[in-house]
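To start, the structure itself, in structure tokens.
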Amino acid sequence: MNITDNRSAAVERLSLVLWRERELLEELHYRLEVEQLVLASGRSRWLAHATRDIDHLLFTIRETEVLRSVAADAAAAAFEMDANPSLAALAEAADDPWRTILTEHRDAFVQLTHEITRLADSNKHLISAGYRSARETLLSLGDSVDGYAADGSATAEPLRNRLVDRSL
């Protein structure tokens, strides 16, 4: 096997892993949108399921990142580069069509990362707003809410009548 074939095979393996990672990131984007819809609808019953789906997918993405790292190191070795190269550096070292393919992968990762970050931040804001709303509602029921102190000990107030507007 000559150097060109070796390089091509290494970049092809890397490209396959990159495609898989892109598919997983698209799936993460979808799952975050589902989580956002659940949060926005107030149907908290499904929030745990949506969150569990995201956690499982993040685990799979982390596994795929390890595969990508190994494939990128193999491609770097084929181009006589140092280990742990950037995708841009690998694209620059490769000839067409691999240069174009690797550049397209990089551009897609940048775009997906921005979209996923924006969506995750939005979901975090919705969760915080929901928590604040629930806390304010509970606090409006009285001066304090029965529960637990900071040290974990149970606290309780004497029973008293409270007026609750059930039309909420």
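Can you name the residue in segment 57-102 that is of a type in the set (S, T, N, Q) and over 22 Å from THR4 (Cβ atoms) and, of all such residues, is least open to solvent (accessible area, probe 1.4 Å)? Filtering first and then ranking leaves THR64. Checking each residue in segment 96-144 for being more than 24 Å from ARG68 (Cα to Cα), at pLDDT 80 or above and more than 21 Å from the chain's Cα centre (by Cα) picks out no residue at all.
Just one of the listed residues (LEU25, LEU14, LEU32, LEU18) is under 13 Å from the mean Cα position of the chain (by Cα), closer than 25 Å to LEU87 by Cα and either crowded, with 16+ Cβ neighbours inside 10 Å or without any contact (Cβ under 8 Å) to a residue 40 or more places away in the chain (or both), and it is LEU25.
The values are calculated or read from the model by the stated rules, or taken from the named source; none is laboratory data. Treat the numbers as computed from the prediction; the structure is a model and nothing was measured. Every residue, glycine as well, gets a Cβ built from its backbone with ideal geometry; the counts of neighbours run over all protein chains shown. Ligands, DNA and RNA are excluded from the accessible area calculation, which covers all protein heavy atoms including side chains. Shrake-Rupley method; radii C 1.70, N 1.55, O 1.52, S 1.80 Å.
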